[in-house]
Amino acid sequence: MQVKKTEGGAGMKQGHSTSPGIVSSRILITLVPLLLVSGWAGATDLTSKKYIGSMREAEGRIMMDRGGREIFARRGMRLFRKDVIYSTSNAKGAVVFRDETSIRFGPDTTVSLEDFDYVPEEKKYLLHTGVAKGVVVFVTGALAKVAPETVAVTTPKGTIGIRGTKFSIKVEE
C-alpha cells in the first residue's frame, strides 16, 4: 500500500479521492461527541449542574441573570448557584431551596442566590444569598435547623446570620 503525501503533510492512500473537506468532516463527527461527553465543548450545560431550588411562584415580570444571560423567570424553573433574580414594579415571586427554605419577594427586588449546599449524608451545609434591594420574607428550612451558622444573607449594609426562623428584610436604595 502506497501513501501519498498531501499538502500539510497528511497521508492519504493512493487511489482514494477523499477531499480535505470530507476528512475534516469525519474528524469533526468523531471529536464532537467526545468533547460533549467530556465537557470540553465550552458551553454551560445547566442540566448537568446540580440545581439548588426552583421558582415556586412568579407573577408579573421577573427576570433572571444566569451567567450573564438575561432570561424570564417562570414558575417551576430550576435555580442554580449565582442566579440573580430581579422583579419589576408590579411583580412578586417565591423561590424554594432543596432543604425547603423559602424566599418570597415583592416588587422592585433583587435577590442573588450566591451559594447552596445541602448534603446531609456528607454533612455539607451552606446557604448564602444576597438582597441588593426590595422586600423579602425568608422562612428557613432544614439547613438552618441543622447548621444555622452556615446560613447568611448579605445586604448592602452588612451580613445577617440566621439561626432558624422566619424574618423579613427591606433594603432601600
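Report whether or not residue 155 is under 14 Å from residue 171 (Cα atoms), under 22 Å from the mean Cα position of the chain (by Cα), at pLDDT below 95 and surrounded by fewer than 20 Cβ atoms within 10 Å (Cβ to Cβ). Yes, satisfied. Just one residue in the set 168, 87 is closer than 19 Å to residue 59 by Cβ and modelled with pLDDT under 95; that residue is 168.
Checked against (1) closer than 15 Å to residue 111 by Cα; (2) modelled with pLDDT under 60, residue 9 passes all but a single condition, namely (1). The conditions of being at pLDDT 95 or above, more than 18 Å from residue 138 (Cα to Cα) and either within 9 Å of the chain's Cα centre (by Cα) or crowded, with 20+ Cβ neighbours inside 10 Å (or both) are not met by residue 58.
The values are calculated or read from the model by the stated rules, or taken from the named source; none is laboratory data. Just so it is clear, the model here is predicted, and its values are computed rather than measured. Cβ sites come from the backbone with ideal geometry, for glycine too, and all protein chains shown count toward neighbours.
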